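Notes for the one structure printed next.
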Amino acid sequence: MSQIASFGAKATAPGVSVHSGSTLRVPINKPSVKALYIHVPFCAKKCAYCDFLSWPTSASDPCLDSYVEATVRELHALHDRGLLEGCRTAYIGGGTPTLLGGSRLGMLAGCVRGVAPSLTEFTCEANPDSLTDDVLTAMVASDVSRISVGVQSLNDAELMELGRVHTAEQAKERVAAAVSAGLDVSVDLMCAIPRQSDVSWAASLRGVIDLGVCHISVYPLTIEEGTPLYRRFEHDTCEWNDEDVQARRMEMAEQVLTACGFVRYEVASYARLGKRCEHNIAYWTGVPYLGVGKGAASMLGPAEYDLAQQVLEWLPSRRPGASRMRFTAYDGDVEFLTSREAWAEDLMLGMRMTDGIETRLLDGEPSVRAELICRGLVEERGNRLVPTHEGWLLGNELYGALWALAEP
């Protein structure tokens with residue numbers, strides 16, 4: 001069986017800048033992003049599997065203050081151009097945002113609420129070891145509505161293999177505290193990891209369900225080159241992480257979670273009724289989103305890009321004919337997509353969702369649609385084309401066939 005792919009995210013007066021000391025007015029009908037991501041690139045310790053952009057940093061390091069202050073200034077500048085007026089979701093991720101502590105995180109979250117007056121969902125990532133009562137209080141006071149906790153496992157031996165700094169008991173206690181604080185709580189769990197068995201995987205799944213969370217994301221471990229885990233197992237067959245184990249554990253997760261009232265709405269995401277993560281959905285549905293911070297990714301249309309360029313002066317001029325721009329601040333590279341590439345990308349990413357895509361989007365490619373149906377990767381359901389169970393498990397094949405349409 002092929003590997004499962006890519007399991008692998010209040011208001012001020014409209015049009016009035018919240019920049020301290022400024023009364024600059026911006027037209028509220030200007031282009032706006034719909035989703036905002038703020039990257040906090042600091043961690044107490046790098047995990048053994050992590051190849052994300054982050055640095056081990058002490059919670060007392062003054063660079064955390066400088067980073068938050070610089071991020072706040074950039075958010076104000078983006079707001080002054082009207083780029084955040086229609087933003088509906090915000091997500092503070094990392095790294096480990098909760099390493100900032102209650103005061104810094106409260107300042108950052110409060111700024112987000114001020115510069116994005118139309119938010120309907122506001123999420124912050126957390127690790128159990130730094131999710132203190134002080135941090136929870138700051139989140140609630142800043143109107144954060146969701147928290148995503150990196151639990152990964154409820155087995156101490158497995159956590160040690162992953163290089164996590166929290167224990168299973170600490171994870172349970174802190175997740176329960178977040179639920180008690182009135183936040184919508186999501187947890188991340190990881191499967192196909194060292195020392196994990198089917199029994200321990202099922203125990204982790206049932207354990208987080210019992211804590212009262214409303215959203216669970218499950219991912220097979222990806223062993224990334226250059227990480228401590230890669231170096232440790234470079235010459236090992238890693239049978240505990242092979243494709244069949246990954247597929248079996250993901251199927252187990254679906255069985256356990258759906259039996260307990262969770263519904264899978266995306267490749268790796270399950271939610272109780274009304275508790276889908278709208279911010280993550282934005283990534284899969286072609287919504288323009290803006291990333292602020294060292295490693296944050298952005299995807300903008302032409303009008304949003306032109307506004308962002310007024311603040312992010314390092315951005316190059318937009319290429320003629322470009323329909324979509326992707327970039328991160330860390331590498332400074334901008335990917336310019338044609339309208340056909342953007343269309344193919346929307347098809348591919350849309351198939352991460354259980355809702356799939358509108359059938360009409362492939363009207364111009366009837367042979368491709370017929371082939372995907374014939375291979376059992378998708379099926380027609382009303383006016384939509386949705387991934388089958390096989391299409392979910394063989395995601396690489398499905399996504400690859402759709403991305404190939406980027407070439408005329």
For the chain, what's the radius of gyration and Dmax over Cα atoms, in angstrom? 21.3, 62
Helix-only [θ] at 222 nm, the chain, -39500 (n - 2.57) per DSSP H run of 4+, per residue, nearest 500, equals -11000 deg cm²/dmol
Could you line up CYS124, CYS63, CYS277, CYS50 from fewest to most neighbouring Cβ atoms inside 10 Å? CYS63, CYS50, CYS277, CYS124
Report, for the chain, the % of DSSP beta bridges that are antiparallel, rounded to 5. 40
Kirkwood-based Rg/Rh on the Cα set of the range 235-385 evaluates to 1.04
Which ordering of SER60, SER142, SER323 is given by a fewest-first count of other beta-carbon atoms within 10 Å? SER60, SER323, SER142
Test of understanding: ordering THR71, THR227, THR338 by Cβ neighbours within 10 Å, fewest first, what list do you get? THR338, THR227, THR71
For the range 66-114 and the range 292-308, what is the centre-to-centre distance using only Cα atoms, to the nearest Å? 15
For the range 270-275, take each phi angle, set θ = phi - 60°, evaluate the Karplus expression 6.51 cos²θ - 1.76 cosθ + 1.60, and give the result in whole Hz per residue in order, putting x for glycine and proline. 10, 9, 6, 3, x, 10
Measuring from the lowest to the highest alpha carbon on each principal axis, how far does the range 354-406 reach, largest first, in angstroms? 26, 25, 17
Could you give me the ³J(HN,Hα) list for the range 250-264, computed from phi with Karplus coefficients 6.51, -1.76, 1.60 and θ = phi - 60°, whole Hz, x at Gly and Pro? 5, 5, 4, 4, 4, 5, 5, 5, 5, 5, 9, x, 8, 10, 6
Go through the cysteines of the chain and tell me which have no other cysteine Cβ under 4.7 Å away. CYS43, CYS63, CYS87, CYS111, CYS124, CYS191, CYS214, CYS238, CYS260, CYS277, CYS374
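Taken together, the values in this text are just the output of simple stated rules run on the coordinates, not laboratory data. Computed from a predicted structure; not experimentally measured. Cβ coordinates were reconstructed from backbone atoms using ideal geometry, including for glycine residues, and neighbour counts include every protein chain displayed.
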